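The values are calculated or read from the model by the stated rules, or taken from the named source; none is laboratory data. Please read these numbers as outputs of a predicted model, since none were measured by experiment. Here the Cβ is made from the backbone with ideal geometry for all residues, glycine too, and neighbour counts use every protein chain on show.
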């Protein structure tokens, strides 16, 4: 049962999670003479291996004893969810390479917000499925999807207007194939939610050792994101070999600086995931769904706000910019509906 104060805190945490996730790529702008795969390898190591362990070690007393005290079956939900989520991250890059970043990101975001909001509601709070709060959340989700669609359409127009031609296809494949991968990726990318929520034995063991109920899920995220690290790291290594960019680590002359930028990306990204999880705990029975809606909408909103401030929309037509603004207005409206239209559970 979430108090009104806890509900408000959860709302703020969800939005802050979106903020951190929306800006985590900013440090990549300042990387010197490294290719994407150089940065992504270290980002993956920091965000999905190092950060989960450090956060759990700080938040969960007697962490080693927690892992020793549970049967092997307790690790299965997190391992499976992590592997599925990790595959989805690789699919994200492939799908956007086929259909373009603007369209790909919009389709994946729309699919993810639907799956990430309705899925946990059906799995973890079926008794609330037809409650007034769930209906309000459904309306907000529809607004978010409409907003993301409008943004995606405006983004595709902007790419054509500012580049003068259609975006170059970076990965070979039919548009139908790319769109299918986008849809699958959006659904699978929400798997981490179930890794945290379904690792009940691990979370309860952490609480038994004195971990805060709001932070106990940190131990479950260790398993989920460590498992999810494997596909991303392997894909980065593959790209390093294929593009022969491994030598950049030595020849760039900025190894420590670039490593710092990759680490900053990892801290921002994982900080957003932790805040999402904490918001989920604070927001009651519908917490996982409400927090995901806030997290996803906040990510799109803040990422585009900073993109706007960075001049990414310079050269776009007035009509395209109006479409972008309308999309953001829909998302802001959805956030307000969630904040003020859903009662405490």
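Quick rundown of the values:
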{"read-out": "Residue match in the stretch 225-242 (condition: within 22 Å of the chain's Cα centre (by Cα) and not in a helix (DSSP H, G or I))", "value": "no"}
{"read-out": "Per-region count, the stretch 187-202, residues crowded, with 24+ Cβ neighbours inside 10 Å and part of a helix (DSSP H, G or I)", "value": "5"}
{"read-out": "Selection within the stretch 251-284 - surrounded by fewer than 18 Cβ atoms within 10 Å (Cβ to Cβ) and more than 14 Å from residue 47 (Cα to Cα)", "value": "251, 252, 253, 254, 255, 256, 257"}
{"read-out": "Meets criteria (touching a residue at least 24 places away in the same chain (Cβ under 8 Å), farther than 22 Å from residue 304 by Cα and in contact with a helix residue (DSSP H, G or I) (Cβ under 9 Å, 6 or more places away or on another chain)) for residue 139", "value": "yes"}
{"read-out": "Residue list for the stretch 16-36, restricted to those being in a helix (DSSP H, G or I) and modelled with pLDDT of 90 or more", "value": "16, 17, 18, 19, 20, 27, 30"}
{"read-out": "Hey, residue 67 out of contact with any helix residue (DSSP H, G or I) (no Cβ under 7 Å at 6 or more places or on another chain) and buried (at least 17 other Cβ atoms within 10 Å of the Cβ) or not", "value": "yes"}
{"read-out": "Criterion (under 30 Å from residue 285 (Cα atoms) and free of Cβ contacts under 8 Å to residues at least 24 places away in the same chain) met by exactly one of 85, 57", "value": "57"}
{"read-out": "Flag if residue 221 is at pLDDT 85 or above, assigned to a helix (DSSP H, G or I), within 16 Å of the chain's Cα centre (by Cα) and within 24 Å of residue 94 (Cα to Cα)", "value": "no"}
{"read-out": "Flag for residue 46 being more than 30 Å from residue 213 (Cβ to Cβ) and either in contact with a helix residue (DSSP H, G or I) (Cβ under 8 Å, 6 or more places away or on another chain) or not in a helix (DSSP H, G or I) (or both)", "value": "no"}
{"read-out": "Complete set of residues in the stretch 243-259 that are assigned to a helix (DSSP H, G or I) and free of Cβ contacts under 8 Å to residues at least 12 places away in the same chain", "value": "250, 255, 256"}
{"read-out": "Only one of 321, 335, 342 that is farther than 13 Å from residue 147 by Cβ, in contact (Cβ under 8 Å) with a residue 24 or more places away in the chain and touching a helix residue (DSSP H, G or I) at 6+ places or on another chain (Cβ under 7 Å)", "value": "342"}
{"read-out": "Among residues of the stretch 55-64, those that are under 30 Å from residue 264 (Cβ atoms) and either in contact with a strand residue (DSSP E or B) (Cβ under 6 Å, 6 or more places away or on another chain) or surrounded by 15 or more Cβ atoms within 10 Å (Cβ to Cβ) (or both), counted", "value": "5"}
{"read-out": "Flag for residue 293 being touching a helix residue (DSSP H, G or I) at 6+ places or on another chain (Cβ under 7 Å), within 29 Å of residue 67 (Cα to Cα) and in contact (Cβ under 8 Å) with a residue 60 or more places away in the chain", "value": "no"}
{"read-out": "Set 313, 308: member being surrounded by fewer than 16 Cβ atoms within 10 Å (Cβ to Cβ), out of contact with any strand residue (DSSP E or B) (no Cβ under 7 Å at 6 or more places or on another chain) and under 21 Å from residue 150 (Cβ atoms)", "value": "308"}
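For (1) within 25 Å of residue 298 (Cβ to Cβ); (2) crowded, with 18+ Cβ neighbours inside 10 Å, each residue gets a yes or a no:
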{"position": "22", "(1), (2)": "yes, yes"}
{"position": "26", "(1), (2)": "yes, no"}
{"position": "71", "(1), (2)": "no, no"}
{"position": "74", "(1), (2)": "no, yes"}
{"position": "80", "(1), (2)": "no, no"}
{"position": "92", "(1), (2)": "yes, yes"}
